[in-house]
Every structure is written in C-alpha cells, then in structure tokens.
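What follows is a set of notes on a single structure, which appears directly below.
Please treat every number below as a calculation from the coordinates, not as lab data. Because the structure is predicted, anything quoted here is derived from the model rather than measured. Here the Cβ is made from the backbone with ideal geometry for all residues, glycine too, and neighbour counts use every protein chain on show.
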Amino acid sequence: MTGNDNNRAYWKKNLQYLGILLAVWFIVSYGCAILFVDFLDKIKIGGFGLGFWFAQQGSIYIFVALIFIYVFLMNRLDKHHSTSNREEEE
Amino acid sequence: MSVQAWTFVMVGISFALYIGVAIWSRASSTGEFYIAGAGVPPVVNGMATAADWMSAASFISMAGLISFMGRDGSVYLMGWTGGYVLLALLLAPYLRKFGKYTVPDFVGDRYYSRTARIVAVICAIFVSFTYVAGQMRGVGIVFSRFLNVDITLGVVIGMGIVFFYAVLGGMKGITYTQVAQYCVLIFAYLVPAIFISLLMTGNIIPQLGFGGELADGSGEFLLDKLNGLSQELGFDAYTDGRKATIDVFFITAALMLGTAGLPHVIVRFYTVPRVSAARSSAGWALLFIAILYTTAPAVAAFARTNLLNTVSDTEYTEVPGWFKNWETTGLIKFDDKNGDGNIQYRGAHSQVENELTIDRDIMVLANPEIAKLPNWVVGLVAAGGLAAALSTAAGLLLVISTSIAHDLLKRELVQDISERGELIAARIAAGVAVCIAGYFGIDPPGFVGQVVAFAFGLAAASFFPAIIMGIFWKRMNNIGAVSGMIVGISFTAGYIIFFKFITPELNVPAHWLFGISPEGIGTLGMVLNFLVSVPVSLLTAPPPPNVQELVDNIRSPQDAGPPHELSV
C-alpha cells in the first residue's frame, strides 16, 4: 500500500465514523428532543416524560459520550495507520 | 455572619487565588501569549475551555430563563452543548493540525485571500466585543447586589482584575486562571443545587431529584406538582412546549453551529500539544460543561416551584427578606392592581390580573435565599457568578488582542514587526479592549443583550460553512467562500435588524419567514451560505495545488509540529 492509498483509506474510515456518530447526534437532539418530543412524552420514567428528559438531560449525556467514542475510534485508527506507514518504510 | 460579609470573604479569597495563579504562570513569548506555547494537557485545557465558554449568561441567566420557558429552555441546553460534538468531530483536530494561531489565519490561508482574512478578523472582533460587554455587565450586577458597591465601581474592579491577568499572562495565564475559576464556579453552582434537591426531594443528585418524588410525603412527582401549580395560576404546564417545533429546531441549530464557529472557543484547541489531544480536550470541555448544564434544568424546576409556592397569594407585608432586597434593585416589581394587599402572580390564561414582574436574571442569585440556605452559600454563588463572568471576559479579550496584534498588525500592516514589538502590541490591545468593554459594561447600549444572542446566528451563517467546507471539500475556492459568507451574514443580519431594530412591532410568529424567529434565522443563513458557495465554487477556477496540498495535509493524521512560525 502506498502512502497515498493509506491516507485515502484513513480518510474514508474517518468519514464513516463521522457519518454514524453525527447521525446519532442528530437523532437524539433534533429527533427525540424536538420532532418526536410529544410522542415520547407519553412514556414516563419516574417524574420525567421521555421526550422532556431527552430535551433537558439525555441529549447532553449522549453528546459527551459521542465525543469520547470518537476519540477512542480515532486513536485506534491513528495507531493502525502509523503502523502500516512504518511497515511501508521498512 | 451576614450575607454581605460572607460575600466579601468568598469573593476576596477567589480573587486572591486568581492573582496568585496569574503571577505564577505569566507569558514570556508570543507563542505563550497567544496559545500558551501549545503545551496545555487536554484535561486542563478542557476545564479552561469550560470556564471560558460558561459565561455570566450560563451561570446567572440560563436557569432563570429555563424556569420561565419550561421545556422550551432545551434550546439553550442542547444548543450550547451540542456544538461541541461538531467542534470535536469536524473542526478542532483539523485546525490544530493546521497549526496557526487564529481563525482568520485559517480562513486567510485556505482561501488564499486577504479579503477573506479581513472579513474574518472583523467578524471575530465584532462578536467578541458584544460578548465581553455582557460579561462586564454581569460583574456589575453581582457587585451592586451583594456588596452594595456602585455598579460603576464594581465594573472598574472587575476590569482591574481581568486587565491584570489577561495582559500579564496572555493565554498561558488565562488558561491556568480559568482552571481555578472553573473550580470556583462549578462548586458555587452545585452546592446550592444539592442543598435544594435534598430539601425538596430528598435526593442528593439534582439531576435525579428533578425527576423524583417530593420529600413532603405526598408521593407526588416534583414535575407533576410544578405542572399543577403552573396551570392553577394560569401559566402553561411546565413540561409542555410553547414555541413552534420549527422554531425550536432552528434556534437549537443556530446556537449549536454558532458555538462551533465562535473564535474564542476555537482558539482553545490550538493550545494543546497534539491532534489527538485536540479531540479529547473537546470531550473533557463538554464533560465539564455538562456538569453545569444538566444541573441547570433541575435548578430551574426547583426555583420555579419554590417561587410559585412562596410568593403567590402571599400578603405583601409578609414577604421574605430576599423579595424586598431584589425589589430595591428594581428587578422585582409588584403593583397591587386590585388593592387587596396580596401578591397575585398569574399567567396569561388566568382571569385574575398579574401583579408581579420578576426579572429572569435573578433566579439563580436569589435561589439560595428563596430556599433559605445559609448565608455562606449566598456568598459562594456571588463568587461563582464573578468567576463565570471574568473567565469568559478574559478569553474574549485575548481574541480581540490577538486579532489586532497578530491578524491585523503582523499579517497586514507592519509585517516586519519584531516578536517583542508584537507582544507589546498584543498587551496594549488587550488593555484598550478592557477599557472599551468596561465602558460598555457601565453604560450599556440597550441592545447589548440582544446582540449577544445574535452573535451565534452570525457566526453560524458566516464562519461555520467556510471552515467546514475548507476542510471537507477541496474544490471550495476563494470566490465561493467569500460570496457564501457575504450572503449568509447579510441575510442573517438583515433579518435580525429588520425585526429587532427597524420594525420590532412586527416581531411576532405570524410575520416570520416560515415561522422562524430572528434567534433561529442564522440556521437558514447558513443553508443559504452553502447554497451560494457550492455552485459559485464549481463555476469558478479550482483552488491552486498548494492549497489542495494544505487540505490533504490537515486531513492526514501525522502529528502536527509545534504551531510556532515565530521564533521565540
């Protein structure tokens, strides 16, 4: 594999991760907490309606989790990428 | 000890701490002054970013706003946190890899255009000034209410403190002071929230107590009780939405995209040592922010319940002390319209006329007193409010001074300026900016508050698409980017100016374009920006090869070197 192909593969994988994580980001905030909030409010968890909980609590927890998942995925990918770079040099 | 004495103690201790930290970590080079020598560990940077980000608006105003808006308050909660996901995934790592100091640096190099750079510098300075004036105002309110100091003197003291550590320490001093300020502000926010949660629901964690049962043995859920109380008094149910769905959608998006485009937030990601550290420090920043942002809606619900319980249908002569205290500041107004000596606090759906107006900004500051917490907690909240305002003000002042000394002087006007000269210029610029901001804090033009909210819409409509496309679409060229920014920002600014300043009487949902309020219009401005910049780029010449290489380079994971182009 050449350095260029390697970079391309890295970038493609990165875009895949971005697509999936941003889809989740969109669904919890704009989906659960805005578009379907009244529907989800029919489900009760303790004193919260589920939609209200997503709007004022849940979406924020998921945002934090999404960033750390991305950090983990990219660190793994960086490591993989730099090993394949090194093999190529040898 | 009285509230005032405790406030002096708390504020005094916290100020001494900030000054000590500033002396210990002062800057000696432009690299340290602008970006702390790019040597800040991600957790520390995350904490500093959180303090930088959470302004007087987050600390003092937000829970109050939510407690009056109910579920719709989620536009702020999600809008001011969700942007960090975009930052961490789409912006921070690439800008760190790019490795220069400022947002205008990136825009100018990527779009090989001085026009683009100058537009970006002007936007950055404009956004930062409106923001910083609001912080100084917050400082003034805290001083005048809790320390009985005149607002003017309060602002001058605040200016002095900020001047001292921003001018002396630059980004390095500010970063480490902000870490101290984060600790003060989060402690000050959580202590009363935990106290009140315990008192009202018996649960030590406000985020859970908020959805729990009341501690009065009735077995009723707090939110059900609050909905009941609200409807009884003619307000909307707390957990129901009042804004149109499309408007909530657009406002949330404008705040998120604006967050990701704000220059004082983006610049923080240049201060970390590696690309991977830029990603994780965005994660830490959001984690530290989330601690406050998930507590705020709980505080809002507790405060609202307490307020309705305490003041409604109480005899005016028997109101608690805090009511009188805030009445003298003019932030609570009672007008006994039916002359029965009782306070009728009523919503729009009630037959009875409302007699009470409460400024939303006082809810967090008054909350500990409403819940009858000890005096030291009240003092602590005042110190926390000051920490939030000062840390944000300092970060913004640095953006202003960097924009002037680096982007304008060094890159445009006096290109052969020495490192020493640039550092002196940066300090003078920070000093002048403190004075101007202080002037606006003492004598605010009426529109400051509104302009702050719109800064987000403008950032979303201008910076965000230019930066995103600059990284993710190599074909985007200078003509496309500049025309997109101009269309985005003129449409957004025009819409806002039309409804807020020219014909405010028309500013009701019926007249809005697609039912989108001026607060949310930045999202549509951003869409227009994309719609213009993409076809224009395709119809004009592609960017030169060296710019395409630059894009390839920032995308590839090899670690960025130190970002200094200046010799230290």
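Of note:
- Note on B:Val319 and A:Tyr61: the model spin-label points, each 7 Å out from Cα along the C-beta direction, lie 3.9 nm apart.
- Modelled this way, with points 7 Å down the Cα-to-C-beta line, the labels at B:Leu538 and B:Asn375 are 7.0 nm from one another.
- Under a Gaussian network description of chain A, with springs only between Cα atoms under 10 Å, the residue in A:Val28, A:Val64, A:Val37 that fluctuates furthest is A:Val64.
- When the Cα positions of A:Ile69, A:Gly49, A:His80 are compared along the charge dipole of segment A:3-89, A:Gly49 comes out farthest toward the positive end, with charges on each C-beta of Lys, Arg, Asp and Glu.
- Table column - 3J(HN,Hα) (Hz), segment B:284-293, Karplus curve with 6.51, -1.76, 1.60, x for Gly and Pro: 4, 4, 5, 4, 5, 5, 4, 4, 6, 6
- Nearest 10 degrees, 0 to 90: helix B:222-232 Cα axis against chain B principal axis: 70 degrees
- Residues B:Ile13 and A:Lys13, FRET efficiency given R0 of 41 Å [Cβ-Cβ distance, rounded to 0.05]: 0.25
- The residues packed around B:Tyr238, meaning those with a beta-carbon under 10 Å from its beta-carbon, carry a net charge of 0 if Lys and Arg are +1 and Asp and Glu are -1.
- Point-charge dipole on Cβ atoms (K/R +1, D/E -1) for chain B, about Cα centre, debye to 20: 1900 debye
- In this rough spin-label picture, where each label sits 7 Å from Cα along the Cβ direction, the B:Tyr112-B:Phe530 distance is 2.7 nm.
- Entries in B:Lys337/B:Lys500; A:Lys79/B:Lys172; B:Lys324/B:Lys372; A:Lys12/B:Lys474 that, when Cα-Cα distance is taken, lie over 20 Å: B:Lys337/B:Lys500; A:Lys79/B:Lys172
- For B:Asn342, the residues whose amide H sits under 5 Å from its own are B:Tyr316, ignoring neighbours fewer than 5 places away on the same chain, with H placed 1.01 Å from N.
- Placing +1 on the Cβ of every Lys and Arg and -1 on the Cβ of every Asp and Glu, with no other charges, gives the protein assembly as shown a dipole of roughly 1640 debye about its Cα centre.
- Placing +1 on the Cβ of every Lys and Arg and -1 on the Cβ of every Asp and Glu, with nothing else charged, gives segment A:3-89 a dipole about its Cα centre of roughly 160 debye.
- Estimated from helices alone, the mean residue ellipticity of chain A at 222 nm is -23000 deg cm²/dmol (sum of -39500 (n - 2.57) over DSSP H runs with n ≥ 4, per residue).
- Computed per residue of chain B from DSSP H runs no shorter than four, each worth -39500 (n - 2.57), the mean residue ellipticity at 222 nm is -22500 deg cm²/dmol.
- With the cut-off at under 17 Å, measuring from each backbone N in segment B:108-141 to a point 7 Å along the Cα-to-Cβ line of B:Val432 picks out B:121-130.
- Calculated FRET efficiency for the pair B:Glu220/B:Asp340, C-beta based, R₀ 25 Å, to 0.05: 0.25
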